[in-house]
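Here is the structure we will look at.
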Amino acid sequence: MTDLLEIQGLHARVGTKEILRGVDLVVGPGEIHAVMGPNGSGKSTLAHVLAGRPGPEVTAGRAFLNGTDLLALPPHERARAGLFLGLQHPIEVPGVTTLAALEHAGVPLAQLAATVQASAEEVGLRVDLLDRPLNVGLSGGEAKRNEIVQLQVLRPKVAVLDEIDSGLDVDALEDVGATLTRAVATWNLSVVAITHFRRLLDVLPATSVHVFVDGRIVESGDKSLAVRLERDGYMSFL
Ligand SMILES: Nc1ncnc2c1ncn2[C@@H]1O[C@H](COP(=O)(O)OP(=O)(O)OP(=O)(O)O)[C@@H](O)[C@H]1O
Ligand SMILES: [Mg+2]
C-alpha cells in the first residue's frame, strides 16, 4: 500500500517563534488519523502549513501527497492535487456564495447540482444557506457542516479537518461522523482529524491516534490512547 500523505521532519515558525518542531506523520489511503493536543501546541499551524495558508514559514522538512511535493506548490494546486483543509474557524467570504465557490473550484455545474443538495441533507445543512455568501452569518455549527458539504462535492484524497467537531450539536456530530465514514468507504478518503474530544472517535473510527505536544507528535497508538488522554491529561505524556 502506498502512503498517501507523508510528512517528514516538518519545522515551521511564526515570526521568530518555532511552532512546528519536527512533525512526522504517514497516512495511508482510507485511513483516519486523529491528532489531539493542548491549546497552542501547533495543530492548526500544521494544518495551515500543509494547505499553504500564508503566515507560518517552513524552515525544514517535507510533505508529500501521493509523491507530489506539497510545499513546492501554491495552495490551489495543493487542493487540485487532492488536499482539503477544513478550517477551525471557517472564513467569511462576502460576495461569493458557497455554490459559486464550488463552481469556481472546477466542479461542473451538472455534478454540483446532483451532489450538493444530497450532501447538505446528509449533514443537516439547510440548502438555502449554500446560496448565501460563504460562511457569512452562519452559526458555528452551520459553518462546520458547510465545510463537510464542500468536502463531499470536491471529493479530495486527503482531508485535514481542524476541530470539525467543535460547535456541533450531538445530532450534527453523528451526521458529520457518518458522512465522513461513508466518504472513507466510498472513495477511500483519508482523514486527519484534529480534535480535543475523544467522543469524535465514537462517530469516526480512527485508525490511529496521535498525541501532539509542543510542535510535534510525541506518541501514537490506537483509540485507547484517547481514553488515556481523557483520564490522565497531557501532562502524563511529557
Ligand atoms: N500569526 C501568528 N502570530 C503569532 N503567533 C501565532 C500566529 N499563529 C499562530 N501563533 C501561535 O502559535 C501557537 C500555535 O497555534 P495553533 O493555532 O497552531 O495552536 P493549536 O494547537 O491549533 O491550538 P488550539 O487547540 O487552541 O486550536 C500559539 O501559541 C499561537 O499563539
Ligand atoms: Mg487550533
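Rule-based calculations on the coordinates, nothing more; no lab input. Given the structure is predicted, the values throughout are model-derived calculations rather than measurements. Positions of Cβ are backbone-derived with ideal geometry, glycine not excepted, and every protein chain shown enters the neighbour counts.
Here is how the numbers come out for the structure above:
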item	result
Unique residue being buried (at least 21 other Cβ atoms within 10 Å of the Cβ) and in a helix (DSSP H, G or I) when the list is ALA47, ALA12, ALA34	ALA47
Enumeration of residues in region 192-238 that are of a type in the set (Lys, Arg) and either in a helix (DSSP H, G or I) or crowded, with 19+ Cβ neighbours inside 10 Å (or both)	ARG198, ARG216, LYS223, ARG228, ARG231
Region 35-60, subset farther than 24 Å from ALA206 by Cβ and over 15 Å from the mean Cα position of the chain (by Cα), residue nearest to ligand 1 (Cβ to nearest atom)	GLY55
Selected residue (criterion: nearest to LEU161 (Cα to Cα)) from residues of region 24-43 that are in contact (Cβ under 8 Å) with a residue 40 or more places away in the chain and small (Gly, Ala, Ser)	ALA34
Only listed residue being acidic (Asp, Glu), more than 10 Å from ligand 1 (Cβ to nearest atom), part of a strand (DSSP E or B) and out of contact with any helix residue (DSSP H, G or I) (no Cβ under 6 Å at 6 or more places or on another chain), chosen from ASP24, ASP3	ASP24
Residue count for region 2-23, restricted to those that are in contact (Cβ under 8 Å) with a residue 12 or more places away in the chain and of a type in the set (S, T, N, Q)	2
Conditions (1) within 13 Å of ligand 2 (Cβ to nearest atom); (2) within 30 Å of ASP232 (Cβ to Cβ): number failed by HIS33	(1)
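Condition check ((1) surrounded by fewer than 21 Cβ atoms within 10 Å (Cβ to Cβ); (2) more than 16 Å from ligand 2 (Cβ to nearest atom)) across all residues:
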| position | (1), (2) |
| --- | --- |
| ALA114 | yes, yes |
| ARG126 | yes, yes |
| GLY140 | yes, no |
| ARG145 | no, yes |
| LYS157 | yes, yes |
| GLU163 | no, no |
| VAL170 | yes, yes |
| VAL176 | no, yes |
| LEU180 | no, yes |
